[in-house]
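Just so it is clear, none of the values below were taken in a lab; they were calculated from the coordinates. For clarity, every value in this text was computed on a predicted model and none was experimentally measured. All Cβ positions, even for glycine, are placed from backbone atoms using ideal geometry, and neighbour counts span all protein chains on display.
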Amino acid sequence: QVQLVESGGGLVQPGGSLRLSCVASGRISSISEMGWYRQAPGKEREMVARINSPGGTYYADSVKGRFTIFRDNVKNTVYLQMNSLKPEDTAVYYCKVWTNWGELFGQGTQVTVSS
């Protein structure tokens with residue numbers, strides 16, 4: 001199995017920045033792709049950014065140019081650098097991994113953008 005531990009959420013003012021981290025442990029050799037999803041109150045969970053093993057990245061249109069996903073394969077960690085944050089970015093952010101036996105979400109970390 002794979003375990004995921006997220007960190008880095010918090011309260012930030014509009015225009016501010018946060019960096020989320022997600023550390024994977026366990027059967028990490030089974031992980032191919034890593035990513036971040038988010039879920040705002042009353043809304044469905046949505047993809048924010050994904051990164052595959054060769055390093056290819058994909059972003060939701062709403063975050064392009066503001067968020068950057070990157071991974072450190074030595075530390076088994078995926079990061080989400082979030083800049084120019086907006087109130088509509090407020091949500092619980094979940095790390096997600098794709099493995100050769102299925103998909104797994106982390107427990108989530110709250111990001112609140114408010115003045």
Requested in this report: Using packing as a proxy for protection, rank 100-107, 34-41, 72-79 so that the peptide with the highest average count of other Cβ atoms within 10 Å comes first.
Outcome: 34-41, 72-79, 100-107
Query raised in the report: So what J values fall out for segment 93-104 if you push phi through Karplus, 6.51 cos²θ - 1.76 cosθ + 1.60 with θ = phi - 60°, rounded to Hz, Gly and Pro as x?
Result: 9, 10, 7, 9, 10, 10, 10, 6, 10, x, 10, 9
Report task. Report ³J(HN,Hα) in whole Hz for each residue of segment 50-61, in order, from the Karplus equation J = 6.51 cos²θ - 1.76 cosθ + 1.60 where θ = phi - 60°; Gly and Pro get x. Result -> 9, 9, 9, 4, x, x, x, 10, 9, 10, 5, 4
Report task. Can you quote the Å³ per residue value for the convex hull of the Cα atoms in segment 7-91, rounded to an integer? Result -> 102
Query raised in the report: Which residues does a label at Q1 reach in segment 85-104, if reach means a backbone N under 18 Å from a point 7 Å past the Cα toward the Cβ?
Result: 95-104
**Report entry** Cα gyration tensor, segment 53-103 - rounded (a/c under 1.5), prolate or oblate
**Finding:** prolate
